[in-house]
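Remarks on the structure that follows.
The values are calculated or read from the model by the stated rules, or taken from the named source; none is laboratory data. As the structure is a prediction and not an experimental result, all values here were calculated from the model. Heads up, the Cβs are rebuilt from the backbone with ideal geometry, glycines too, and the neighbour counts pull from every protein chain shown.
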Amino acid sequence: MSYNLLKGKRGIIFGALNDKSIAWKVAERAHEEGAEFVLTNAPIAMRMGSMNELSEKCKAEIIPADATNLDDLENLISKSMDILGGKIDFVLHSIGMSPNVRKGLEYDQLKYEYYHKTLDVSAFSLHKVLSTARKLDAINDWGSVVALTYVAAQRTFVGYNDMADAKAILESIARSFGYIYGREKKIRINTVSQSPTLTTAGSGISGFDKLEDFAERMSPLGNANAEECADYCITLFSDLTKKVTMQNLFHDGGFSSMGMSLRAITQYEKSFKDCPPVGEDIPFDDQDLEKYK
(Lines give C-alpha, C1' and ligand atoms only; values in the text may rest on other atoms or scores of the structure.)
Protein backbone atom coordinates (compact mmCIF):
# COMPACT_ATOMS: atom_id res chain seq x y z
CA MET A 1 0.00 0.00 0.00
CA SER A 2 1.29 3.45 -0.93
CA TYR A 3 0.87 6.56 1.23
CA ASN A 4 2.79 8.98 -1.04
CA LEU A 5 5.26 9.53 1.80
CA LEU A 6 8.07 10.43 -0.59
CA LYS A 7 6.11 12.25 -3.28
CA GLY A 8 8.32 14.93 -4.80
CA LYS A 9 11.46 13.71 -3.06
CA ARG A 10 14.72 12.83 -4.81
CA GLY A 11 17.45 10.51 -3.65
CA ILE A 12 20.46 8.27 -4.21
CA ILE A 13 20.39 4.58 -3.25
CA PHE A 14 23.72 2.79 -2.78
CA GLY A 15 24.07 -0.98 -2.78
CA ALA A 16 21.16 -2.57 -4.65
CA LEU A 17 22.78 -5.67 -6.15
CA ASN A 18 19.92 -8.15 -6.63
CA ASP A 19 16.45 -8.84 -5.29
CA LYS A 20 17.93 -10.17 -2.03
CA SER A 21 19.47 -6.78 -1.25
CA ILE A 22 17.83 -4.57 1.34
CA ALA A 23 18.70 -1.61 -0.90
CA TRP A 24 16.70 -3.27 -3.69
CA LYS A 25 13.63 -3.48 -1.43
CA VAL A 26 14.13 0.14 -0.35
CA ALA A 27 14.26 1.22 -3.99
CA GLU A 28 11.02 -0.61 -4.75
CA ARG A 29 9.26 0.96 -1.77
CA ALA A 30 10.67 4.44 -2.48
CA HIS A 31 9.32 4.19 -6.02
CA GLU A 32 5.92 3.10 -4.72
CA GLU A 33 5.89 6.08 -2.35
CA GLY A 34 6.49 8.56 -5.17
CA ALA A 35 10.24 9.21 -4.99
CA GLU A 36 12.62 9.69 -7.88
CA PHE A 37 16.16 8.45 -7.38
CA VAL A 38 19.41 7.29 -8.89
CA LEU A 39 20.80 3.80 -8.27
CA THR A 40 24.49 3.24 -7.78
CA ASN A 41 26.95 0.49 -7.00
CA ALA A 42 30.60 -0.29 -7.59
CA PRO A 43 31.29 -1.26 -11.21
CA ILE A 44 32.66 -4.66 -10.17
CA ALA A 45 29.53 -5.36 -8.10
CA MET A 46 27.24 -4.35 -10.94
CA ARG A 47 28.69 -7.07 -13.14
CA MET A 48 27.50 -9.66 -10.59
CA GLY A 49 24.02 -8.26 -10.01
CA SER A 50 20.84 -7.46 -11.91
CA MET A 51 20.46 -3.71 -11.41
CA ASN A 52 19.11 -3.12 -14.89
CA GLU A 53 15.96 -4.98 -13.92
CA LEU A 54 15.46 -2.71 -10.91
CA SER A 55 16.28 0.35 -12.99
CA GLU A 56 13.51 -0.45 -15.45
CA LYS A 57 11.01 -1.25 -12.71
CA CYS A 58 11.66 1.98 -10.80
CA LYS A 59 12.41 4.18 -13.84
CA ALA A 60 15.72 5.04 -12.18
CA GLU A 61 18.99 5.76 -13.91
CA ILE A 62 22.14 3.89 -12.86
CA ILE A 63 25.44 5.67 -12.26
CA PRO A 64 28.35 3.33 -11.45
CA ALA A 65 30.55 4.62 -8.63
CA ASP A 66 33.16 3.29 -6.25
CA ALA A 67 32.02 4.72 -2.91
CA THR A 68 35.63 4.77 -1.67
CA ASN A 69 36.73 7.02 -4.54
CA LEU A 70 36.13 10.75 -4.06
CA ASP A 71 36.22 11.53 -7.79
CA ASP A 72 33.59 8.85 -8.44
CA LEU A 73 31.41 10.22 -5.65
CA GLU A 74 31.64 13.79 -6.89
CA ASN A 75 30.68 12.64 -10.38
CA LEU A 76 27.82 10.53 -8.99
CA ILE A 77 26.33 13.29 -6.86
CA SER A 78 26.71 16.00 -9.51
CA LYS A 79 25.15 13.84 -12.22
CA SER A 80 22.36 12.76 -9.89
CA MET A 81 21.38 16.38 -9.29
CA ASP A 82 21.40 16.99 -13.04
CA ILE A 83 19.26 13.92 -13.75
CA LEU A 84 16.81 14.52 -10.91
CA GLY A 85 16.53 18.26 -11.49
CA GLY A 86 17.89 19.58 -8.22
CA LYS A 87 19.24 18.76 -4.79
CA ILE A 88 18.48 15.41 -3.22
CA ASP A 89 16.34 14.68 -0.17
CA PHE A 90 17.54 11.25 0.92
CA VAL A 91 20.47 8.84 0.70
CA LEU A 92 20.62 5.15 1.54
CA HIS A 93 24.06 3.75 2.38
CA SER A 94 23.82 -0.04 2.10
CA ILE A 95 27.44 -0.97 1.53
CA GLY A 96 29.51 -3.62 3.28
CA MET A 97 32.28 -6.03 2.38
CA SER A 98 35.12 -7.81 4.18
CA PRO A 99 37.88 -9.67 2.34
CA ASN A 100 38.87 -11.23 5.66
CA VAL A 101 35.39 -12.69 6.10
CA ARG A 102 35.30 -13.88 2.50
CA LYS A 103 38.59 -15.68 2.95
CA GLY A 104 37.59 -17.19 6.28
CA LEU A 105 40.33 -15.51 8.31
CA GLU A 106 39.80 -15.41 12.08
CA TYR A 107 39.82 -12.07 13.90
CA ASP A 108 43.22 -12.71 15.50
CA GLN A 109 44.70 -13.61 12.11
CA LEU A 110 43.48 -10.70 9.97
CA LYS A 111 45.45 -9.51 7.01
CA TYR A 112 45.77 -5.78 7.58
CA GLU A 113 45.50 -4.80 3.94
CA TYR A 114 42.15 -6.62 3.91
CA TYR A 115 41.23 -5.00 7.22
CA HIS A 116 41.78 -1.53 5.77
CA LYS A 117 39.68 -2.48 2.75
CA THR A 118 36.86 -3.63 5.03
CA LEU A 119 36.86 -0.32 6.90
CA ASP A 120 37.19 1.77 3.75
CA VAL A 121 34.33 0.08 1.92
CA SER A 122 32.00 -0.54 4.85
CA ALA A 123 32.52 2.57 7.02
CA PHE A 124 34.79 5.29 5.64
CA SER A 125 32.66 5.31 2.49
CA LEU A 126 29.82 6.89 4.50
CA HIS A 127 32.13 9.70 5.61
CA LYS A 128 33.23 10.20 2.01
CA VAL A 129 29.63 10.30 0.74
CA LEU A 130 28.63 12.84 3.39
CA SER A 131 31.75 14.95 2.93
CA THR A 132 31.27 15.07 -0.85
CA ALA A 133 27.57 15.87 -0.54
CA ARG A 134 28.36 18.71 1.86
CA LYS A 135 31.08 20.06 -0.42
CA LEU A 136 28.59 20.15 -3.31
CA ASP A 137 25.71 21.38 -1.10
CA ALA A 138 23.78 18.48 -2.58
CA ILE A 139 21.22 17.64 0.14
CA ASN A 140 18.17 19.79 0.81
CA ASP A 141 17.43 21.17 4.26
CA TRP A 142 15.63 18.54 6.36
CA GLY A 143 17.00 15.79 4.14
CA SER A 144 17.70 12.31 5.51
CA VAL A 145 20.62 9.89 5.30
CA VAL A 146 20.25 6.29 6.47
CA ALA A 147 23.06 3.72 6.73
CA LEU A 148 22.49 0.05 7.48
CA THR A 149 24.33 -1.54 10.39
CA TYR A 150 24.21 -4.55 12.72
CA VAL A 151 24.19 -5.19 16.48
CA ALA A 152 27.71 -6.67 16.23
CA ALA A 153 28.86 -3.06 16.54
CA GLN A 154 27.96 -3.37 20.23
CA ARG A 155 28.25 -7.11 20.90
CA THR A 156 30.59 -9.88 19.83
CA PHE A 157 29.28 -12.44 17.34
CA VAL A 158 31.59 -15.24 16.32
CA GLY A 159 32.30 -15.15 12.60
CA TYR A 160 31.31 -11.50 12.06
CA ASN A 161 34.95 -10.58 12.35
CA ASP A 162 36.25 -7.16 11.26
CA MET A 163 32.82 -6.20 9.94
CA ALA A 164 31.92 -5.55 13.60
CA ASP A 165 34.64 -2.91 13.77
CA ALA A 166 33.41 -1.40 10.52
CA LYS A 167 29.84 -1.15 11.80
CA ALA A 168 31.00 0.50 15.03
CA ILE A 169 32.89 3.13 13.02
CA LEU A 170 29.93 3.57 10.68
CA GLU A 171 27.63 4.35 13.60
CA SER A 172 30.14 6.82 15.04
CA ILE A 173 30.41 8.61 11.68
CA ALA A 174 26.63 8.94 11.57
CA ARG A 175 26.60 10.59 14.99
CA SER A 176 29.54 12.92 14.33
CA PHE A 177 28.37 14.02 10.90
CA GLY A 178 24.80 14.13 12.18
CA TYR A 179 25.78 16.93 14.53
CA ILE A 180 27.53 18.93 11.80
CA TYR A 181 24.85 18.46 9.13
CA GLY A 182 22.04 18.93 11.63
CA ARG A 183 23.50 22.16 12.96
CA GLU A 184 24.10 23.59 9.50
CA LYS A 185 21.29 22.26 7.32
CA LYS A 186 18.82 20.38 9.56
CA ILE A 187 19.85 17.18 7.75
CA ARG A 188 19.21 13.94 9.64
CA ILE A 189 21.69 11.07 9.74
CA ASN A 190 20.76 7.75 11.33
CA THR A 191 21.80 4.11 11.26
CA VAL A 192 19.36 1.21 11.19
CA SER A 193 20.55 -1.91 13.01
CA GLN A 194 18.79 -4.67 11.11
CA SER A 195 18.11 -8.30 12.00
CA PRO A 196 20.35 -10.90 10.32
CA THR A 197 19.14 -10.82 6.71
CA LEU A 198 20.21 -13.28 4.04
CA THR A 199 21.64 -10.88 1.49
CA THR A 200 24.51 -11.69 -0.86
CA ALA A 201 26.93 -10.10 1.63
CA GLY A 202 25.38 -11.91 4.61
CA SER A 203 25.64 -15.29 2.95
CA GLY A 204 29.44 -14.97 3.02
CA ILE A 205 29.53 -15.10 6.84
CA SER A 206 30.34 -18.56 8.19
CA GLY A 207 27.46 -19.98 10.22
CA PHE A 208 25.07 -17.25 9.09
CA ASP A 209 22.09 -19.61 9.01
CA LYS A 210 22.69 -20.47 12.67
CA LEU A 211 23.03 -16.80 13.57
CA GLU A 212 19.75 -16.09 11.80
CA ASP A 213 18.02 -18.97 13.62
CA PHE A 214 19.37 -17.84 17.01
CA ALA A 215 18.12 -14.29 16.45
CA GLU A 216 14.71 -15.61 15.39
CA ARG A 217 14.41 -17.63 18.61
CA MET A 218 15.58 -14.73 20.76
CA SER A 219 13.43 -11.96 19.25
CA PRO A 220 9.90 -11.57 20.69
CA LEU A 221 8.63 -10.41 17.31
CA GLY A 222 10.93 -12.60 15.23
CA ASN A 223 13.53 -11.34 12.77
CA ALA A 224 12.69 -8.33 10.63
CA ASN A 225 12.96 -9.21 6.94
CA ALA A 226 14.28 -7.07 4.09
CA GLU A 227 10.84 -5.79 3.09
CA GLU A 228 10.11 -4.68 6.64
CA CYS A 229 13.48 -2.95 6.84
CA ALA A 230 12.62 -1.10 3.64
CA ASP A 231 9.36 0.09 5.15
CA TYR A 232 11.24 1.44 8.16
CA CYS A 233 13.78 3.24 5.98
CA ILE A 234 10.96 4.90 4.05
CA THR A 235 9.60 6.42 7.27
CA LEU A 236 13.08 7.79 8.02
CA PHE A 237 13.25 9.40 4.58
CA SER A 238 9.80 10.92 5.05
CA ASP A 239 8.77 14.12 6.81
CA LEU A 240 7.23 12.04 9.62
CA THR A 241 10.64 11.70 11.33
CA LYS A 242 12.06 15.22 10.93
CA LYS A 243 13.45 15.37 14.46
CA VAL A 244 15.09 11.93 14.53
CA THR A 245 18.84 12.16 14.03
CA MET A 246 22.19 10.82 15.26
CA GLN A 247 20.43 7.63 16.38
CA ASN A 248 21.27 3.96 16.00
CA LEU A 249 17.76 2.55 15.52
CA PHE A 250 17.32 -1.15 16.23
CA HIS A 251 15.01 -2.85 13.73
CA ASP A 252 15.39 -6.39 14.98
CA GLY A 253 12.16 -7.65 16.51
CA GLY A 254 13.42 -6.87 20.02
CA PHE A 255 16.62 -8.95 19.81
CA SER A 256 18.87 -6.12 21.02
CA SER A 257 16.98 -5.87 24.33
CA MET A 258 16.88 -9.60 25.08
CA GLY A 259 19.08 -11.67 27.38
CA MET A 260 17.51 -15.11 26.96
CA SER A 261 14.16 -16.15 25.52
CA LEU A 262 12.07 -19.24 26.29
CA ARG A 263 12.46 -20.48 22.71
CA ALA A 264 16.24 -20.13 22.80
CA ILE A 265 16.71 -21.77 26.19
CA THR A 266 14.37 -24.63 25.22
CA GLN A 267 16.52 -25.35 22.17
CA TYR A 268 19.66 -25.06 24.30
CA GLU A 269 18.35 -27.59 26.80
CA LYS A 270 17.58 -30.11 24.04
CA SER A 271 21.24 -30.34 23.11
CA PHE A 272 22.71 -29.76 26.57
CA LYS A 273 23.70 -33.40 27.16
CA ASP A 274 25.80 -33.41 23.98
CA CYS A 275 27.65 -30.19 24.76
CA PRO A 276 31.34 -30.35 25.65
CA PRO A 277 32.30 -29.70 29.29
CA VAL A 278 32.32 -26.11 30.50
CA GLY A 279 35.63 -24.52 29.60
CA GLU A 280 36.07 -26.38 26.32
CA ASP A 281 35.59 -24.29 23.20
CA ILE A 282 33.45 -25.53 20.34
CA PRO A 283 35.43 -25.25 17.08
CA PHE A 284 33.57 -22.93 14.77
CA ASP A 285 33.20 -24.65 11.47
CA ASP A 286 30.25 -26.48 9.99
CA GLN A 287 31.84 -29.94 10.23
CA ASP A 288 32.57 -29.62 13.94
CA LEU A 289 29.25 -27.97 14.70
CA GLU A 290 27.44 -31.03 13.36
CA LYS A 291 28.68 -32.95 16.43
CA TYR A 292 26.78 -30.66 18.77
CA LYS A 293 23.43 -30.41 17.00
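The one condition from (1) crowded, with 17+ Cβ neighbours inside 10 Å; (2) modelled with pLDDT of 95 or more that Phe157 does not meet is (2).
Number of residues in region 120-142 that are among the polar types (S, T, N, Q) and surrounded by 21 or more Cβ atoms within 10 Å (Cβ to Cβ) equals 2.
Where in region 160-271 are there helices (runs of 4 or more DSSP H), lying fully within it, with 1 or more residues that are at pLDDT 95 or above and within 17 Å of the chain's Cα centre (by Cα)? Before you say what the answer is, go through the steps one by one.
Details: elements: 162-185, 208-218, 226-237, 262-270.
Correct list: 162-185, 226-237.
Just the residues that are under 18 Å from Ser94 (Cα atoms) and loosely packed, with under 15 Cβ neighbours inside 10 Å, please, taken from region 28-51. The answer is Pro43, Ile44, Arg47, Met48, Ser50. Residues considered: Leu70, Leu76, Leu92. Of these, the only one that is in contact with a Cys (Cβ under 7 Å, 6 or more places away or on another chain) and closer than 22 Å to Phe177 by Cα is Leu92. Looking across region 14-27, the residues that are farther than 21 Å from Ala138 by Cβ and buried (at least 18 other Cβ atoms within 10 Å of the Cβ) come down to Leu17, Ser21, Ile22, Trp24, Lys25. Looking only at region 52-98, which residues are more than 17 Å from the chain's Cα centre (by Cα), over 21 Å from Lys185 (Cβ atoms), in contact (Cβ under 8 Å) with a residue 24 or more places away in the chain and buried (at least 17 other Cβ atoms within 10 Å of the Cβ)? Once the filter is applied, which keeps residues that are more than 17 Å from the chain's Cα centre (by Cα), over 21 Å from Lys185 (Cβ atoms), in contact (Cβ under 8 Å) with a residue 24 or more places away in the chain and buried (at least 17 other Cβ atoms within 10 Å of the Cβ), region 52-98 yields Leu54, Cys58, Ala60, Ile63, Pro64, Ala65. Of the residues Asp82, Asp19, Asp72, only one is out of contact with any strand residue (DSSP E or B) (no Cβ under 8 Å at 6 or more places or on another chain), acidic (Asp, Glu) and closer than 19 Å to Lys117 by Cβ; which? Only one candidate passes the filter, namely Asp72. Would you check if there is a residue in region 134-142 being under 27 Å from Tyr179 (Cβ atoms), touching a residue at least 60 places away in the same chain (Cβ under 8 Å) and assigned to a helix (DSSP H, G or I)? The answer is yes; a qualifying residue exists.
Just the residues that are surrounded by 15 or more Cβ atoms within 10 Å (Cβ to Cβ) and part of a loop (DSSP other than H, G, I, E, B), please, taken from region 99-113. Let's see the steps before the verdict.
The initial filter retains those residues of region 99-113 that are surrounded by 15 or more Cβ atoms within 10 Å (Cβ to Cβ), namely 99-101, 105, 107, 110.
Residues satisfying the conditions are Leu105, Leu110.
Against the definition (part of a helix (DSSP H, G or I), touching a Lys or Arg at 6+ places or on another chain (Cβ under 9 Å), under 24 Å from Asp108 (Cβ atoms) and without any contact (Cβ under 8 Å) to a residue 24 or more places away in the chain), how does Ala152 come out, yes or no? Can you show your working first?
Details: part of a helix (DSSP H, G or I): yes; touching a Lys or Arg at 6+ places or on another chain (Cβ under 9 Å): yes; under 24 Å from Asp108 (Cβ atoms): yes; without any contact (Cβ under 8 Å) to a residue 24 or more places away in the chain: yes.
Taking the combined requirement at face value, the residue satisfies it.
Arg29 - would you say it is among the charged types (D, E, K, R) and modelled with pLDDT under 95? In short, no.
For region 103-154, the set of residues classified as of a type in the set (Lys, Arg) and at pLDDT below 95 consists of Lys103 only.
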